[in-house]
Amino acid sequence: MKIPIKLYNTLTRKKETFKPIKAGKVGLYSCGPTVYNYAHIGNLRTYIFNDILKRILLYNGYDVKHVMNITDVGHLTSDEDEGEDKVEMEAKKEHKTAIEIAKFYSRAFQSDIEQLNILPPSIWCKATEHIAEQITLIQQLEKKGYTYKTADGIYFDTSKFKNYGKFAKLKIKQLKAGARIKIGEKKSKTDFALWKFSFPEQKRQMEWQSPWGKGFPGWHLECSAMSMRYLGEHFDIHTGGIDHIPVHHENEIAQSEVATGKKFVNYWIHANFLVMSDEGKMSKSAGEFLRLQTLIEKNYSPLDYRYFCLTAHYRSELLFSWQNLDAAKAAFSNMKNKVLEVKQNLEVTGTRTEKIKKKKEEFKKIINDDLNMPAALAFFWNILKNEELKNNEKYALMLNFDHIFGLQLDKVKKEEIEIPEKIKQLAEKREQARKSKDFKLADELREKIKKQGFWIDDTEQGYEIKKI
Ligand code: AMP
Ligand code: ZN
């Protein structure tokens, strides 16, 4: 029985059955990082979502061509086509070249996603290595009469594209009426830069010759140019965070569809935000932000964070707090212990393939329903508790489900528990109390240790500290 994949498509605001353009194949494009700083854990939530989507497509037998860009030029500090180029700005701040900055933060990002067990894309592409494709795209738009020139660049005239604003359900009239912000020479607020000129006083490091003068491409242009270069003018799925809907993706659709005269993408899938319990949205411009390394330094593993992300549906906000992360870490640790227990008690007799097949189908139905990870995790826990299944069967199922979760359950080892120094001291104090026959104090200390999650086992060779 073929179980359809249902995906919530931002284009129609409906859950739809996924139908690929070419049977058995999927072209998938994900907006990648702007490499002027480390990724924060909110960004990483979006890349974990991308990974789950891709793993589900692979699980369903699709051959997935996944393209991800690296924005190393053109992303300005303001969505209004003003402000500084983020990468150039960081280069000045760190007294490095823009190339060094981009290289450094690209590697940091790639290391983060590797640690999170995110499958790498089939193709990485950098904006700076696709300038020719971007210039060609502008020329196509120019030929069709959709561009105009101002003192600072070449702009896309959104008023000429009749569907402009439809995707994000933008209220263009209200936008115009309420436009208080400076739009300079732009004809309307929603028009966006395709090419920005560079001026000598800016002392830009990244600039290229073009038919319109020296300059650099606008941010939205790179994603249209590179996705079409690798996936064709019409492809299956495009992803990003929800903040990309109103500007970045609206603009990608406008310029791509005008240039080719074709529908650009069939399914647009967007991940909701990770929010902080006190400050709301996590953002880099706000200064302090949490990155994967911060979590590692606080003794959380990257996979603890991955498990945490699986506990919420990708279309819901996910509230970050240390307490919530602790709960996920504890649940994941419990999961690993249970997997180990099952693994250590495998029966010698064979598995019942029919039973396994049925459970796999139930699992597939859950994940194919718009990536329902919380329900998939609950299903996993039910398998563990299921007394009708043999350990052989449970183990086979768990490893199979982990193709989606990506929690490396096949590598689970007996955890080396780290005993905190203060617990060791309390245990030693208790031992001394026992030796001097102060059993009241010894019991009190044992209780104190227990409250902190550890247990003292007295053996003939002395005492042992165990984790509860
Ligand atoms: P950027 O590097 O700023 O281009 O962002 C990389 C990705 O992270 C984009 O897909 C954004 O939509 C996404 N993103 C930004 N902030 C958050 C957040 N707080 N939670 C989840 N995703 C985010
Ligand atoms: Zn993009």
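The values are calculated or read from the model by the stated rules, or taken from the named source; none is laboratory data. Remember, predicted model here, so these are calculated numbers, not experimental data. Here Cβ is always computed from backbone atoms with ideal geometry, including for glycine, and neighbour counts include all displayed protein chains. Heavy atoms of the whole protein, side chains included, go into the accessibility calculation; ligands, DNA and RNA do not. Shrake-Rupley method; radii C 1.70, N 1.55, O 1.52, S 1.80 Å.
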Checklist line | Boolean, Q202 is modelled with pLDDT of 90 or more and either open to solvent by 20 Å² or more (accessible area, probe 1.4 Å) or in contact with a Pro (Cβ under 7 Å, 6 or more places away or on another chain) (or both) | finding: no
Next item on the list: Could you please find all residues in the range 86-130 being open to solvent by 80 Å² or more (accessible area, probe 1.4 Å) and among the aromatic types (F, W, Y)?
Entry: F104, W124
Check: Of the residues in the range 304-354, how many are part of a helix (DSSP H, G or I) and either modelled with pLDDT under 95 or more than 14 Å from the chain's Cα centre (by Cα) (or both)?
Finding: 26
Notebook entry, point to check: Among the residues of the range 217-261 satisfying the criterion of being open to solvent by 10 Å² or more (accessible area, probe 1.4 Å) and aromatic (F, W, Y), which is farthest from ligand 1 (Cβ to nearest atom)?
Noted result: Y230
Note to self: Taking the criterion of being within 13 Å of ligand 1 (Cβ to nearest atom), among the hydroxyl-bearing types (S, T, Y) and crowded, with 16+ Cβ neighbours inside 10 Å, would at least one residue in the range 56-78 satisfy it?
What the structure shows: yes
Note to self: Among the residues of the range 266-279, are any outside the structural domain of K19 (by TED's automatic domain parsing), among the small types (G, A, S), modelled with pLDDT under 95 and more than 9 Å from ligand 1 (Cβ to nearest atom)?
What the structure shows: yes
Note to self: Tell me yes or no: at least one residue of the range 146-156 is assigned to a helix (DSSP H, G or I), modelled with pLDDT of 95 or more and assigned by TED's automatic domain parsing to the domain that holds K214.
What the structure shows: no
